[in-house]
Amino acid sequence: MKKLSVIFLGPPGVGKGTQSKIISGHFGIPHISTGDMLRAERAAGTPMGKQIQSILDRGDLVPDNLVVEIVKKRLAEPDCAQGYILDGFPRTVVQADVLEAFSPTALACNLTAEVPALVERISKRRSCPNCGQMIQSKSSGEERCPNCSEIMVQREDDREETVRNRLRVYAEQTAPLIDYYDRIDLLVSFDGMRDIDMITGEIIQDMERVRGR
Ligand code: ADP
């Protein structure tokens, strides 16, 4: 069976994190989110966390060498031997070149959506500081986590100004990776505006096809 080394491409808010979590559970392979790992560094106040704090808050990209180090270390862990879902990496051509030399990708899943829908989705996104659960906010008042009742919060970089910058950065630096993976015949695209379950079903089919090769 082929190793399920899978990456997720697509703009912020398209549902990469949501799909990655479900797919990771389905196949029993780790979900590796560079955004989560970088936010954890910041929360822990490590030297790297301090260095990247303002970059994260502006919605700019953390320097390639820092992210590449974190990802290489993580992919070398034993739980990645059967495969992994990379969410938020690669985000630049430099990162993709490093990744393909270090651990070749088997499938690149590209989720798509239009900008206005993304801005709307992200501005309504709330997450639980306790268990990480995400919801789409339905009111402007206080909302509690459906899992653990903690008060839900908005991610610092989910405010509208920062979201617009993240979308710009995506279009300039990350969108070229769609062509990059298409040219080496690894790309599959999914309309990210449809039902979560429908998208998951299609991704699973493609991954099973790749695994059986
Ligand atoms: P989203 O996909 O919703 O934009 P993420 O949680 O993936 O959010 O990333 C949040 C932030 O973390 C990015 O805006 C960027 O500053 C940083 N980041 C995450 N992954 C990378 C990466 N591969 N290269 C550079 N910066 C990254």
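The values are calculated or read from the model by the stated rules, or taken from the named source; none is laboratory data. It should be emphasised that the depicted structure is a prediction, and the values quoted were computed from it without experimental measurement. A quick note on method: Cβ atoms are made from the backbone with ideal geometry, for glycine too, and the neighbour counts reach across all protein chains shown. All accessible areas refer to the heavy atoms of the entire protein, side chains included, with ligands and DNA or RNA removed. Shrake-Rupley method; radii C 1.70, N 1.55, O 1.52, S 1.80 Å.
With +1 on each Lys and Arg Cβ and -1 on each Asp and Glu Cβ, how big is the dipole of the chain about its Cα centre, in debye rounded to the nearest 20?
Value, rounded to 20: 300 debye.
For the chain, what is the calculated [θ] at 222 nm in deg cm²/dmol (nearest 500), taking -39500 (n - 2.57) for each run of four or more DSSP H residues and dividing by its residue count?
-14500 deg cm²/dmol
Output the antiparallel fraction of DSSP beta bridges having both residues in the range 92-213, as a percent to the nearest 5. Can you show the working numbers first?
Numbers: 5 of 10 bridges.
Rounded to the nearest five, the antiparallel share is 50 percent.
Report the Cα centroid-to-centroid distance between the range 1-52 and the range 104-173 in angstrom, as an integer.
14 Å
How large is the charge dipole for the range 1-55, taken about the Cα centre, if only the Cβ atoms of Lys, Arg (+1) and Asp, Glu (-1) carry charge, to the nearest 20 debye? If you can, show how the numbers build up before the last one.
Details: 7 positive and 2 negative charges, 19 e Å.
Value, rounded to 20: 100 debye.
Using a Gaussian network for the chain with springs between C-alpha atoms less than 10 Å apart, which of these wobbles most: Gly88, Gly141, Gly201?
Comparing Gly88, Gly141, Gly201 in a Gaussian network model of the chain, the most mobile one is Gly141.
Over the chain, what is the percentage of antiparallel beta bridges among all DSSP beta bridges, to the nearest 5?
Values: 5 of 22 bridges.
Antiparallel bridges make up about 25 percent of those DSSP assigns within the chain.
I'd like the carbon and sulfur percentage of the solvent accessible area for the chain, probe radius 1.4 Å, heavy atoms only, ligands and nucleic acids excluded. Write down the numbers at each step before the final one.
Working: 5480 of 10940 Å².
So the carbon and sulfur contribution to the accessible surface is 50 percent.
So what's the angle, to the nearest 10 degrees on a 0 to 90 scale, between helix 93-102 and the longest Cα principal axis of the chain?
50 degrees
Could you tell me the number of lysine pairs in the chain with C-alpha atoms less than 24 Å from each other, where the two lysines are 8 or more residues apart or belong to different chains?
19
Report the trypsin sites (Lys or Arg not before Pro) located in the range 83-172 that are in a DSSP loop and have at most 14 other Cβ atoms inside 10 Å of their Cβ, or state none. Each step should come with its number before you reach the end.
Values: sites: Arg91, Arg121, Lys124, Arg125, Arg126, Lys138, Arg144, Arg155, Arg159, Arg164, Arg166, Arg168; in loops: Arg91, Lys124, Lys138, Arg155, Arg159.
Qualifying residues, ordered by number: Lys124, Lys138, Arg159.
Accessible area per residue of the chain at 1.4 Å probe, in Å²?
Result: 51 Å² of accessible area for each residue.
Suppose every K and R has +1 on its Cβ and every D and E has -1 on its Cβ; what is the size of the dipole of the range 45-145 about the Cα centre, in Debye to the nearest 20? Write out the running numbers ahead of the final one.
Values: 12 positive and 13 negative charges, 75 e Å.
The calculation lands at about 360 debye.
Relative to the longest principal axis of the chain, what angle (0 to 90°, nearest 10) does the C-alpha long axis of helix 160-169 take?
Helix 160-169 sits at roughly 20 degrees to that axis.
Label the range 144-203 by shape, choosing from rounded, prolate and oblate, from the square roots a ≥ b ≥ c of the eigenvalues of the Cα gyration tensor; if a/c is under 1.5 it is rounded, and otherwise prolate applies when a/b is larger than b/c, oblate when it is not.
Values: a/c = 3.39, a/b = 1.39, b/c = 2.43.
Here the range 144-203 falls in the oblate category.
Quick one: net charge around Phe190, please, counting Lys, Arg +1 and Asp, Glu -1 for every other residue with C-beta under 12 Å from its C-beta.
Neighbourhood net charge equals -2.
Can you give me the relative contact order of the chain as a percent, contacts being Cα pairs under 8 Å and 6 or more apart?
Rounded, it is 33 percent for the chain.
In degrees between 0 and 90, to the nearest 10, how far off the longest principal axis of the chain does helix 196-211 point, with axes built from Cα atoms?
Here the helix axis deviates by roughly 20 degrees.
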